[in-house]
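Please treat every number below as a calculation from the coordinates, not as lab data. Note that the structure is a prediction, hence the values are computed from the model and not measured. Every residue, glycine among them, receives a Cβ derived from its backbone with ideal geometry; neighbour counts consider all protein chains shown.
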Amino acid sequence: MRGQRIATLDDVARTAGVSRATASRVITGQGPASARARDRVTAAVTKLGYVPDAAARALASRSGTRLAIAVIGHTAAILDDPYVGRVLTTAAHIAAEREVGVSLHWVPLSAPAALAGLAGSRGLSGLVVVNPTQPALETVPRSLRGRVVAIGVGTSGVPSFDVDNRSGTDGVVRHLVTTGRRRIAMVTGPAWLPCVDRARDAYQQIMNETGCETRVVRGDFTAARGAAAAAEIMTRWPDTDAVFALSDLTALGVLDGLHARGVRVPADVAVAGFDDIAFACLSRPALTTSTHPVEEIAAAAAKAVLDRTGDTPATFFPSTLVVRESA
């Protein structure tokens with residue numbers, strides 16, 4: 001009827017006596033909900049004549065219908081990284097509660113301006129940039145401020161959400177030092193990722209404080225590179241007694257590389273990683289590491305951009321040392 005107000009998701013939730021998130025899960029069919037909640041939401045939808053037309057409402061409010069996840073990397077293979085999958089899954093759950101879709105995009109490291117084209121695409125509700133770089137973020141139009149956030153290093157106009165890998169690295173390396181290790185090598189991450197610098201600086205600071213030599217080898221967050229790095233470290237510095245890798249996958253590769261050379265872990269060389277992925281506790285020996293709350297970070301980033309609450313320049317999430325058998 002002309003002039004009749006169109007029912008909203010909030011109306012459905014209120015009528016059904018459930019939360020907005022529960023109503024959304026029932027209507028979209030994504031996520032858990034009790035049989036009682038489903039019955040009440042279904043009855044409310046029928047009573048109110050609710051139609052979940054996210055596109056129409058978004059066009060009217062100019063809020064967009066899609067949350068884009070843009071991942072920067074050398075090749076599109078970066079989209080297959082388990083880390084990206086964890087970010088995407090978490091963002092999808094947050095977006096579903098707000099009746100917004102999610103899309104995944106690769107932004108070539110060699111073409112940072114591609115991010116600006118994506119940021120200006122039609123129907124965009126918000127943009128989350130994973131593996132951000134300064135050149136790419138600087139291409140984002142000022143008119144889109146408030147609708148773009150970064151998981152990693154941000155800018156003055158793009159808020160960032162990230163793990164505090166500086167304190168996490170500090171915790172791991174100090175643990176190695178306090179357990180008697182002095183000739184500690186570090187396998188870092190890709191040189192183009194600004195967040196890698198924080199961790200390397202923390203490692204170098206501790207080495208300087210203890211009067212120990214720094215032994216840094218470039219990594220790329222893969223197990224293959226970890227195995228190669230182990231061989232490189234033991235060739236360049238055969239007296240090394242500990243290796244810290246800035247990702248668990250790399251650390252697992254280091255374990256494999258050391259095993260291939262007959263090096264005992266932790267008797268000869270201690271090994272520690274960063275991330276606390278599911279396989280970290282399943283390796284032999286089980287991997288000492290530091291936590292990386294990926295889901296918590298991704299949820300905060302998605303909520304900030306969709307709810308327009310990203311007014312804090314940088315938000316860091318704590319990383320906690322997890323001591324296991326390898327170090």
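Values as computed for the structure displayed
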{"quantity": "Long-range amide H partners of Phe161 with built H, under 5 Å", "calculated": "Ala150, Ile151, Gly152, Thr315"}
{"quantity": "Computed E for Ala113/Glu296 - FRET, C-beta separation, R0 25 angstrom, nearest 0.05", "calculated": "0.20"}
{"quantity": "Average projection area in nm² (convex hull over Cα atoms of the chain, one quarter of hull surface)", "calculated": "19.1"}
{"quantity": "Label point distance in nm, Phe316-Arg145, each placed 7 Å from Cα along Cα→Cβ", "calculated": "2.4"}
{"quantity": "Where labels lie 7 Å past Cα in the beta-carbon direction, separation of Thr179 and Glu138 in nm", "calculated": "4.2"}
{"quantity": "Overall Cα dimensions of the range 80-202, principal axis frame, Å, largest first", "calculated": "57, 31, 26"}
{"quantity": "Evaluated at q = 0.20, 0.25, 0.29 Å⁻¹: base-10 log I(q)/I(0), Debye formula over Cα of the range 9-52", "calculated": "-0.47, -0.75, -1.03"}
{"quantity": "Total formal charge among the other residues, if their Cβ is under 11 angstrom from that of Val187, Lys/Arg +1 and Asp/Glu -1", "calculated": "+2"}
{"quantity": "Cα centre as origin, Lys/Arg/Asp/Glu Cβ charges: the chain dipole, Debye", "calculated": "1180"}
{"quantity": "Inter-label distance for Leu282 and Ala77, nm, one decimal - labels placed 7 Å from Cα along Cα-to-Cβ", "calculated": "2.3"}
{"quantity": "Ascending count of other beta-carbon atoms within 10 Å, so fewest first, for Asp275, Asp220, Asp307", "calculated": "Asp307, Asp220, Asp275"}
{"quantity": "Distance between the range 84-130 and the range 294-327 - C-alpha centres, whole angstrom", "calculated": "17"}
{"quantity": "Residue-averaged [θ]222 nm for the chain, counting only DSSP H segments that reach four residues, each worth -39500 (n - 2.57)", "calculated": "-12500 deg cm²/dmol"}
{"quantity": "Orientation-averaged projected area, Cα convex hull of the range 71-150 (nm²)", "calculated": "5.1"}
{"quantity": "For the range 165-290: span of alpha carbons on each principal axis (Å, largest first)", "calculated": "31, 27, 24"}
{"quantity": "Sorted by Cβ neighbour density within 10 Å, fewest at the top, the residues Ser143, Ser19, Ser290", "calculated": "Ser143, Ser19, Ser290"}
